[in-house]
Amino acid sequence: MNESMGSNNEWADSAASEASKAIAPVSRFRLWFGLFGGAVAWTIHLLVAYAIAEFGCVSSFRDARFLGITGVAWGILALTVLTLILAVGGLLIARRSDRLLREDIRQKEDDPEAFMAQVGWITTVVFVAIIVAQTLPVLYYLRSC
Amino acid sequence: MDHIEQRDPELHAALEKTWYSPTGFPAWFSEVNNRPLGVRFMVTSFTFFLIGGMLTLLMRIQLFMPDNTFLSPQTFNQLFTMHGSTMMYLFAVPFLEGLALYMLPQMLGSRDVAYPRLTALGYWCYLFGGLIFYTSFLVGEVPDAGWFAYTPLSGRDYSGLGLDFWALGLALVEIAGIVAGVEIVVTVLKFRCPGMSLGRMPPFVWSMLVVGVMSLFAFTTLLIATLLLELDRATGTQFFNPHRGGSSLLWQHLFWFFGHPEVYIIFLPATGIVSAIVTTFSRRLLGYVFIVMGMIVMGFVSFGLWVHHMYTTGLPELAMHFFAAASLMVAIASAVQIFAWIATLWGRQPPLNAPILFTIGFVVIFVLGGMTGVMVAVVPFDWQVHDTYFIVAHLHYVLIGGVVFPIMAGLYYWLPKITGRMLNPKLGHLSFWLTFIGFNLTFFIMHVMGLFGMPRRVYTYAPELGLEIHNQLATVGTFMLSAGFLVFVWDFFRSLRHGELAGRDPWGGDTLEWTTESPPPTYGFYGAPIVGSRHPLWYGGSVPGGEALAELAVAEVRGGPIPFRATLATDTVTGKPLSIQYLPGPSYVPLYVATGFVLGLVAILMKLYLVAVAGAVVAVGGLIYWLYPRQEVLEMLRSSEVGRRAGLPIITTGTRSTAWWGAVCLLIILSTCLGAMLYAYFYIRLYSDQWPQGSIPAPELAVPSVAFALLVLTSGSFWWANRSFRLGKPLAIQAGLTMTLVLGAIFLVTKSFLISQIGFSHQENAYASLFYLFSCYVWLQVLVGLVLLAVVQIRVWQEHQDREGFMKLHLQVTGLYWYFTVVAGAIVYATLYLSPYVL
Amino acid sequence: MRLRIMPDTADTRWVRTRTERQRDRGNFRGVAWGVGFCVVLALLMTGCQGDRVQSALHPAGPAAQTIATLWWVLLAVCGIYTVGTFALFFYAIFRPKQEHAAPHGGNRFILTGGVFLPFVVLLGLLLYSVQATTQLQTPEAGLTIRVVGHRFWWEVEYPEYGIVNANELHIPVGEPVHLELTSGDVIHSFWVPQLHGKMDMFPDLTTHLWLQADKEGVYRGQCAEFCGVQHARMAFHVFAKPPKEFAAWVAEKQQSRPDPDAEVFQRGHQVFMRHGCAACHAIRDTEAVARAGPDLTLMGSRRMLGAATLINTSENMRDWLEDPNRFKPGVLMPPTEDISEEEIEALVDYMQSLK
């Protein structure tokens, strides 16, 4: 019963709703970033890594080496570091939002903010895992394509 | 049967009148309501499903013995091409679109989908596309290059008219797919009933939201790919011609960039159906968050798997392993859903009725298909089984197990809602066991056949392979499988007359579709329901005080029924009511536009290019008539009391308006078009030793640079016009818009001049073809933009005072398009004119 | 609108009686056992069938062996995972009813079974996959063979030895052989399952593959990328011979050419030229040099006709020459028209003499 009253009030009275927005502990940007940061990082990782591999291994760039490791491998490792920073950033923000919203007694599991934070960090964990998995093969190809 | 919704007969009659479904000839063709059109989608696509299934029976008879001569090789190739194309393009996607169009408003508590006339356009395009596919049988020129149509086999040198039927029919089906994507995305984002925040959407709705977004990217890529293929075939461009600088492999990249997401586009709704059924019969849903997570991960990662269809094309090994990693990891997204269902079902003892049986069948078959999916993601193993019967087995485990079984489960579950009659439980059991056993008999053994060396797409096999008995078992299984589907069809027709009446809620379901009558009235909901939990019919949905009516219904109760079609639009995240959205009524325009498309495409098929132009004129004229703002509608909305009574605006702008969201979808589609073309350009560039190819010189820079600079300048003048509009300076608005128009027109004229001055033919080589492609693309993009600008200019002249209303929205939408045009122009300039000097 | 509260057991419409449920479950189990039995039977039946000429599970070389091992590992890992999932799933459905039953750990159950465990297992498979791929990289190979896919036959060329053959590869046992693959028209795919996985052949790219046979024998290969009407009858054989025998084969075939003084040549070659065979076919050291169809210099030595469609006997060749469409409808070779009995006999004799 409480739940339904709360949910009814949350939009029924627009003034109250505006007020609750003002003191909501997490901004919309943080929620969206927590939700899609990992996904965006993964997208960048796959597309750019594919471009580096396809372009690097076909063109004359193939034989460029630094410290005994191919330029292609360096490029992909650097890319991994960058995208992991993005993804882990998203993960931390989502985790933090989730904690903050849990503390906020007005938030229940199916309220949009709490929900976005929760789905956000779980999703981002998976994307971080996939980025790591996509990088591991590079370790076998440090010296050639 | 407890009546959940107390019906006020007067209001009911009034709403029925507003939301009538036209019947009789020719009014039947003007239907725009989502439910009748959803049913048409489902009936049409299920018919195609049965036809596509019959084709397999013929193929399996042919393969019953080695060296059989029941079918000629030509016929066999035509049959498997049509089987694959039918199932992938004409059955799976349209069926689920139809289900979504029918069910989404029901589950969301809205009265219709976001763009009713677009629904109709989608249906007519789909129907005509399917008919074009099958007309090929009448002409005797059936497509025979497989549903994947690899170039160069599908090029003009190796394939006849059949491939044109294929490409043009497919183009129409793709348009339907894209249109449905827009429809679904905007409906889910804007038309959820009050209180249904992101965290309360039923899993089926979540799956359709993800699928809608995916469709925009996937189908658009395929549309560009088929456009390039048809250009090659009809006008002699060289995109895919290996002898003139084109690439034979490019098609595979483009095709699978669509093809793999396509698999998930049909699999995701299936998981949504399963979640709905599991929830209802377990009386709960555990792991909702994980299910949503799985869907989002699938939606993204499915676009990163396309190369796993190309492991044997000799790509750099390193590049393949990224895709191997993604292909393996996407299994997590499925696994997490399966474990959520296991947790949900744990100790709930669901009844073993037809929906649950098909769900169990789904899990069993899909897990097996998923496992072979993991296997073929492993690169060296795929080198052996790629293009063998192992893959045939795998894909049928995933598609029949992962899609058809859930669809059957969904039909047994939702047909009572749609037809109002229950299906027979005994026949349901029979149908399940026949399909389940028949399926496994047919396809399990195919794993073994593949490992023992039977390639795909062969009309016969050598006796020395020793695969006779395997093939015979598979053939027997196919007939059993078909019998199972026939039992369902029979049960369906039987139930229409003799089925037990279903009532509102035969299963005790948790989602809003079970609150309305079966079948639902034409207007769907009497008033928008209010939702306070994920399972609104079970708990948390009731509102203190008894009568919970949202603003729309409040307005209707206080002031009588709204005299026009309208539904409630809410906030994308929270589900807070934002506005009342006007929806158009029955119209012939969609049919007219679709007819224009068909006329144009069929004329291309018959090489009557003048008729094709006429078709284009018909279609474009129809579109302009469709989109041009109706003064009388605007007046009606402005003078309507409904908004004031409900305390919500009727005329909205920005993110509150469906038009704005539609424009955003359009931008996604257009950028995908551009992206696919850019991929083609740089891919061909990468594999060319010399660029520009052949004896073509690098392009002159002077004139194009000036022209494109002018185009970029228009963004400034348009911004100025917009700002003046906000500040209310009528003269400055006019000046800004005029400047934009003039600069744009100068660009267009210059570009036309440049195109006429190109010193080589588009048939010269792939570079030349690309040069023409991009030039024409930017020309067309700007031309459409100028038409939009001209309309705005006229309308601003008429009503520049309307600073918060419709005019503002009009400027916003045009602005989205025009800014995109400028960006696209800059990208085309950099690609076409600068990149040959740099790369 | 009034929405109702739905407690767990309030709705009786679909709740069956206890006996009904037991009967249901009994039926379900009975049929499920039946299905399982059939599947096992089918597996057993298919497992023990003798000679396999084109099977990935009967490897005859190191590359195919690596992949076959990979398959058994994959089967074991995925098999265990499948059985585990099924066990959990059916236990969940059939376990005794409880009001608040949930698997131990709740969300952690889903996370472990659906995310963590799969991730670990899949990561292992990924690393194994990469490892196996690097193992399969082309070794230093002595011999290079160029194979060109055509609709619907295979052109085989030994550039180092100047030998051109069709639909047959002869290779030495125990040595890696490097293949350069390309296509003359559409995309094909070269595949000899007992020796290695497949590799596509493109008109505008050269792809590479290597083969090594460790056992003497004949291995069947087939086109694995749909290439048109006779895709199904585009097969070939690989003959693996001991190195000495292979060297002798090379020496012999390098010398092959028709003997212009022989009687078969004088009768047959005329017929060959008169009926337009030279428009597509080549025979070494004669005026026939076209390469649209298979080179016929070694025709008489081939085991099969029409890319492994018919056994190469004089009788079959005669029928084939009269109308190849009878055996391979859609083949690009036209029937030989207006040819007399004598002529065709001469032609067949001539062809069979080319070894």
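Observations on the model:
- Filtered residues of the range B:462-486 (kept if at the interface with chain C (Cβ under 7 Å from one of its Cβ atoms) and modelled with pLDDT of 95 or more): none
- Listed by first and then second residue, the pairs linking a residue in the range B:36-58 that is under 20 Å from B:Pro586 (Cβ atoms) to a residue that is outside any helix (DSSP H, G or I), with Cβ atoms under 7 Å apart and 6 or more places separating them unless they lie on different chains, are B:Pro36/B:Ser21; B:Leu37/B:Glu31.
- From the list B:Pro316, B:Pro242, the lone residue that is free of Cβ contacts under 8 Å to residues at least 40 places away in the same chain, farther than 30 Å from C:Lys97 by Cβ and within 14 Å of chain C (Cβ to nearest Cβ) is B:Pro316.
- Unique residue being without any contact (Cβ under 8 Å) to a residue 60 or more places away in the chain, within 12 Å of another protein chain (Cβ to nearest Cβ), out of contact with any Lys or Arg (no Cβ under 8 Å at 6 or more places or on another chain) and not hydroxyl-bearing (Ser, Thr, Tyr) when the list is C:Asp204, C:Asp261: C:Asp204
- If you go through the range C:252-266 and keep only what is more than 40 Å from the chain's Cα centre (by Cα) and part of a helix (DSSP H, G or I), you end up with C:Glu263, C:Gln266.
Residues checked against (1) surrounded by fewer than 15 Cβ atoms within 10 Å (Cβ to Cβ); (2) within 14 Å of another protein chain (Cβ to nearest Cβ); (3) on the phi > 0 side of the Ramachandran plot:
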| position | (1), (2), (3) |
| --- | --- |
| C:Ile171 | no, no, no |
| C:Val177 | no, no, no |
| C:Trp210 | no, yes, no |
| C:Val229 | no, yes, no |
| C:Arg233 | no, yes, no |
| C:Pro243 | yes, no, no |
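- Number of the condition not met by B:Ser327 [criteria: (1) under 16 Å from B:Gly509 (Cβ atoms); (2) more than 9 Å from chain C (Cβ to nearest Cβ)]: (1)
- Criterion (within 14 Å of chain B (Cβ to nearest Cβ) and in contact with a Gly (Cβ under 9 Å, 6 or more places away or on another chain)) met by exactly one of A:Gly56, A:Gly89: A:Gly56
- Residue selected from the range C:130-148 under the condition touching a residue at least 12 places away in the same chain (Cβ under 8 Å) and facing chain B (nearest Cβ under 8 Å), by the criterion farthest from C:Gly174 (Cα to Cα): C:Ala132
- Test: A:Thr70 is more than 30 Å from B:Trp538 (Cα to Cα), surrounded by 21 or more Cβ atoms within 10 Å (Cβ to Cβ), more than 8 Å from chain B (Cβ to nearest Cβ) and modelled with pLDDT under 90: yes
- Residues satisfying the stated conditions in the range B:150-159, i.e. buried (at least 24 other Cβ atoms within 10 Å of the Cβ) and in contact with a helix residue (DSSP H, G or I) (Cβ under 7 Å, 6 or more places away or on another chain): B:Thr151, B:Pro152, B:Ser154, B:Gly155
- Top-ranked residue of the range B:365-390 - restricted to ones that are of a type in the set (Phe, Trp, Tyr) and facing chain C (nearest Cβ under 8 Å), ranked as surrounded by the most Cβ atoms within 10 Å (Cβ to Cβ): B:Phe381
- Residues that are touching a residue at least 12 places away in the same chain (Cβ under 8 Å), surrounded by fewer than 24 Cβ atoms within 10 Å (Cβ to Cβ), more than 7 Å from every other protein chain (Cβ to nearest Cβ) and in contact with a Leu (Cβ under 8 Å, 6 or more places away or on another chain) do occur in the range B:274-296.
- Yes/no for B:Val620 being of a type in the set (A, V, I, L, M, F, W, C), assigned to a helix (DSSP H, G or I), within 23 Å of B:Val791 (Cβ to Cβ) and without any contact (Cβ under 8 Å) to a residue 40 or more places away in the chain: yes
- Matching residues in the range B:527-551 - criterion: being modelled with pLDDT of 70 or more and more than 7 Å from every other protein chain (Cβ to nearest Cβ): B:Ala528, B:Val531, B:His535
- The residues of the range C:297-315 that are touching a strand residue (DSSP E or B) at 6+ places or on another chain (Cβ under 7 Å) and either in a loop (DSSP other than H, G, I, E, B) or more than 14 Å from every other protein chain (Cβ to nearest Cβ) (or both), listed by number, are C:Thr297, C:Leu298, C:Arg302, C:Arg303, C:Ala307, C:Ala308, C:Asn312.
- Residue list for the range B:404-420, filter: at pLDDT 95 or above and either under 16 Å from B:Tyr264 (Cβ atoms) or not in a helix (DSSP H, G or I) (or both): B:Val404, B:Pro406, B:Ile407
- Residue in the range B:326-336 that is outside any helix (DSSP H, G or I), in the same structural domain as B:Gly299 (by TED's automatic domain parsing) and either more than 15 Å from B:Ser302 (Cβ to Cβ) or polar (S, T, N, Q) (or both) present: no
- Odd one out for B:Pro692 among (1) buried (at least 18 other Cβ atoms within 10 Å of the Cβ); (2) part of a helix (DSSP H, G or I): (2)
- Residue under evaluation C:Lys215, criteria (1) touching a Phe, Trp or Tyr at 6+ places or on another chain (Cβ under 7 Å); (2) more than 10 Å from chain B (Cβ to nearest Cβ); (3) surrounded by fewer than 21 Cβ atoms within 10 Å (Cβ to Cβ), criterion not met: (1)
- Count - residues of the range B:274-307 that are outside any helix (DSSP H, G or I) and under 18 Å from B:Ala331 (Cα atoms): 2
- Screening the candidates B:Leu789, B:Leu770 for the property of being farther than 30 Å from B:Trp660 by Cα, of a type in the set (A, V, I, L, M, F, W, C), surrounded by 20 or more Cβ atoms within 10 Å (Cβ to Cβ) and in contact with a helix residue (DSSP H, G or I) (Cβ under 6 Å, 6 or more places away or on another chain) yields one hit, B:Leu770.
- Candidates C:Ala307, C:Ala279, C:Ala251 - the one that is within 30 Å of B:Ser72 (Cα to Cα) and either in the same structural domain as C:Phe236 (by TED's automatic domain parsing) or without any contact (Cβ under 8 Å) to a residue 24 or more places away in the chain (or both): C:Ala279
- Single residue of the range A:107-145 satisfying the filter (more than 7 Å from chain B (Cβ to nearest Cβ), in contact with a strand residue (DSSP E or B) (Cβ under 9 Å, 6 or more places away or on another chain) and not basic (Lys, Arg)) that is farthest from A:Ile85 (Cα to Cα): A:Ser144
- Failed condition for B:Ser85, given (1) surrounded by 14 or more Cβ atoms within 10 Å (Cβ to Cβ); (2) farther than 26 Å from B:Phe493 by Cα; (3) in contact with a Gly (Cβ under 9 Å, 6 or more places away or on another chain); (4) free of Cβ contacts under 8 Å to residues at least 40 places away in the same chain: (4)
- None of B:Gly508, B:Gly524 is at pLDDT below 90, facing chain C (nearest Cβ under 9 Å) and either under 21 Å from B:Tyr412 (Cα atoms) or assigned to a loop (DSSP other than H, G, I, E, B) (or both) except B:Gly508.
The values are calculated or read from the model by the stated rules, or taken from the named source; none is laboratory data. Since the structure is predicted, the reported quantities are computational estimates derived from the model, not experimental observations. Methodologically, a virtual Cβ is constructed for each residue, glycine included, from the backbone with ideal geometry; neighbour enumeration extends over all protein chains shown.
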